[in-house]
1. State which residue is surrounded by the most Cβ atoms within 10 Å (Cβ to Cβ) when the search covers only the range 99-151 and only residues that are charged (D, E, K, R) and assigned to a loop (DSSP other than H, G, I, E, B).
2. In the range 1-45, which residues are within 20 Å of SER141 (Cα to Cα) and among the small types (Gly, Ala, Ser)?
3. Testing THR210 on (1) exposed (fewer than 14 other Cβ atoms within 10 Å of the Cβ); (2) out of contact with any helix residue (DSSP H, G or I) (no Cβ under 8 Å at 6 or more places or on another chain); (3) in the same structural domain as GLU250 (by TED's automatic domain parsing), one condition comes back false. Which one is that?
4. Of the residues that sit in the range 291-310 and are under 14 Å from GLU260 (Cβ atoms) and touching a residue at least 60 places away in the same chain (Cβ under 8 Å), which one is surrounded by the fewest Cβ atoms within 10 Å (Cβ to Cβ)?
5. Mind listing whichever residues of the range 71-117 are of a type in the set (Ser, Thr, Tyr) and on the phi > 0 side of the Ramachandran plot?
6. Considering only residues that are in a strand (DSSP E or B) and aliphatic (A, V, I, L, M), which ones fall in the range 34-66?
7. Could you tell me whether any residue of the range 206-215 is touching a Pro at 6+ places or on another chain (Cβ under 7 Å), more than 18 Å from ASP28 (Cβ to Cβ), at pLDDT 95 or above and not in a helix (DSSP H, G or I)?
Amino acid sequence: MVEESIPIIELLRKEEGPILIASHENPDADTLGSALALYLFLKKKGKRVCVGCKDEVPHFLDFLPGAGEVIRLPTDQVFSLSIVVDASGFHRIGAEVKTFKRARIDHHIGGEFYDITDYIDPSAPSTTALVYKLLCSWDRSAIDKDIAQNLYAGLATDTGFFKYSNTDARTFELAKELVEFGAEPHWTFVMFAERESINKLRLLSKVLDTLQVYHDGLVAGITIFDRFFKETGCKYADSEGLVNYPRSLEGVEVAYALIEKPDEGLWKVSLRSKGTVDVAKIAESLGGGGHKHASGCKIKARSYEEAVDRLITAIREGLEKNGLVKQAVGQAT
């Protein structure tokens, strides 16, 4: 990894007050791995630092080094500097943060800007890749096994364990360096993929029964109704990754997971693309955002029918822009 000048390093070097590193709500491995890696590094540098998240650390992330030190947000503490990682803005934290200065480290397109030191690079395969570059440029010798493990977890999951289209030679080089620092690829995979609960498999069974296919197999999606969580004893975090099941169907270009959130009066949407369709643009048309191949949004709707109609309409427009359909019929098959 070539060292380079990254402005946010000086911001952190000079900061003498309390620092918060915040993940986005409903955390995944990239946001939490980024937050924990930066948190552990700053602790080694003698900084007064906390790592925070609105939600409880989910089971599938509880193995990350330092996960037990995550504080729940909001908190009454006032911070001198707060940095949100892997998020388009502080609104993605999902909780109020009392802070004098704000900054952002992210690999998403667009979003909010807080300071000239914001570190944004949409070409990066993960936010942990940016954090790694930052740490190498500051003090490579301070990176230890725990920091590397957090960074590797985010890199591995955001690339689909190195099978998504955001994987290239640089991604493997970065993975190699993190393994040399002590990250464990096999153990990481086992922690993510081979310790599911019986309840989650029961949730999966219910969810797969909702599978719908549209536009001659170009679109496939699942719905996760709130009652499914209650009936199986699962939590919202257990819906992580379920969108990949409709994505795996042959011929599918766009996959979605529609998740009911009655307490918020909305439906959360996860979108995935196999490459042709830019699902970030679809999400943006619905008030969300993300990456070309993975994005999300929230739909306020009074019913499931209204939510899915708005979603399929937006997806259809994405298909039309790519010449995949001439005129959508909007009928499930």
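1. Of everything passing the filter in the range 99-151, ASP118 is surrounded by the most Cβ atoms within 10 Å (Cβ to Cβ).
2. Result: SER5, GLY33, SER34, ALA35, ALA37.
3. (1)
4. TYR304
5. Those that are of a type in the set (Ser, Thr, Tyr) and on the phi > 0 side of the Ramachandran plot: none in the range 71-117.
6. Those that are in a strand (DSSP E or B) and aliphatic (A, V, I, L, M): VAL49, VAL51.
7. There is at least one residue in the range 206-215 that is touching a Pro at 6+ places or on another chain (Cβ under 7 Å), more than 18 Å from ASP28 (Cβ to Cβ), at pLDDT 95 or above and not in a helix (DSSP H, G or I).
For every residue, the table says whether it meets (1) modelled with pLDDT of 95 or more; (2) among the acidic types (Asp, Glu); (3) surrounded by 18 or more Cβ atoms within 10 Å (Cβ to Cβ); (4) in a helix (DSSP H, G or I).
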{"site": "MET1", "(1), (2), (3), (4)": "no, no, no, no"}
{"site": "GLU10", "(1), (2), (3), (4)": "yes, yes, no, yes"}
{"site": "HIS24", "(1), (2), (3), (4)": "yes, no, yes, no"}
{"site": "PRO27", "(1), (2), (3), (4)": "yes, no, yes, no"}
{"site": "LEU32", "(1), (2), (3), (4)": "yes, no, yes, yes"}
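The values are calculated or read from the model by the stated rules, or taken from the named source; none is laboratory data. Please read these numbers as outputs of a predicted model, since none were measured by experiment. No Cβ is skipped: glycine too gets one built from the backbone with ideal geometry, and neighbour counts run over all protein chains shown.
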